[in-house]
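Novice: Structure provided below as structure tokens; questions to follow.
The values are calculated or read from the model by the stated rules, or taken from the named source; none is laboratory data. Owing to the predicted nature of the structure, the values given are computational and were not obtained by experimental measurement. Cβ: placed from backbone, ideal geometry, glycine included. Neighbour counts: every protein chain shown. Ligands, DNA and RNA are excluded from the accessible area calculation, which covers all protein heavy atoms including side chains. Shrake-Rupley method; radii C 1.70, N 1.55, O 1.52, S 1.80 Å.
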Amino acid sequence: MTNANHAARRTLTRYTIFAAALMCAGLSISPAMADNKQDMDRMLEQADQNRDGNIAWDEVVEMRTKMFSRLDRNGDGYADMDDSPKRFRGRFEQALNSMTQFDTNNDGRISKTEMLEGKAPAFEKGDTNGDNVLTAEEFSALRAARAQQ
């Protein structure tokens, strides 16, 4: 493999990791921001870290922690345009702009605290009994309600 091919593969891998991180963000962004209902369902399913069929708030926090680590590419403690890969700057900016609800102090960047403490509208809507666990039954009901919209 040539150096150019190796560099291109590394860039693509970084972009793939970034895209996966954004997919995981689906639980933390509003349902309207997902491309379609299936995307939101897939994102919710990915949040079930221990694969027990339930999504606990702790799993959401764990997912967001991992996502933030991937977004904060320069390690300065913020997800912002300084983290943008040169090759995919437009896509990175678009993705970052879709997460503005996390920027609670409106400084144009998202801190780890803002990310971890941000609202999760899909989770909150689905967790009908308020126990901070989205059970398989609640997830099914959320999915059915979204299908009727």
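Novice: Please pull out the direction-averaged projected area of segment 105-149, using the convex hull of its alpha-carbon atoms, in nm² to one decimal place.
Specialist: Average of the hull's projected areas for segment 105-149 equals 4.5 nm².
Novice: Using only Cα atoms, what is the ratio of the radius of gyration of segment 34-149 to 2.2 N^0.38 Å? Spell out each step's value before the answer.
Specialist: On the way: Rg = 15.3 Å, N = 116, 2.2 N^0.38 = 13.4 Å.
Compactness ratio reported: 1.14.
Novice: Give the ranking of E114, E93 by solvent-accessible surface, highest area first, calculated with a 1.4 Å probe.
Specialist: Correct descending sequence by accessible area is E93, E114.
Novice: Given a Förster distance of 25 angstrom, what is the FRET efficiency for R89 paired with E62, based on the Cβ-Cβ distance and rounded to 0.05? Working shown, then result.
Specialist: Values: r = 29 Å, r/R0 = 1.15.
Between R89 and E62 the formula returns 0.30.
Novice: For the full complex of protein chains and a 1.4 angstrom probe, list L134, L116 by accessible area with the highest value first.
Specialist: My answer, sorted largest first, is L116, L134.
Novice: Right, another one. Per-residue accessible area for R146 at 1.4 Å probe radius, Å² rounded to 10?
Specialist: 20
Novice: OK, next. What FRET efficiency do you get for M81 and N106 if R0 is 25 Å and r is their Cβ-Cβ distance, rounded to the nearest 0.05?
Specialist: FRET efficiency, M81 to N106: 0.95.
Novice: How much accessible surface area, in Å² rounded to 10, belongs to the heavy atoms of T100 with a 1.4 Å probe?
Specialist: 80
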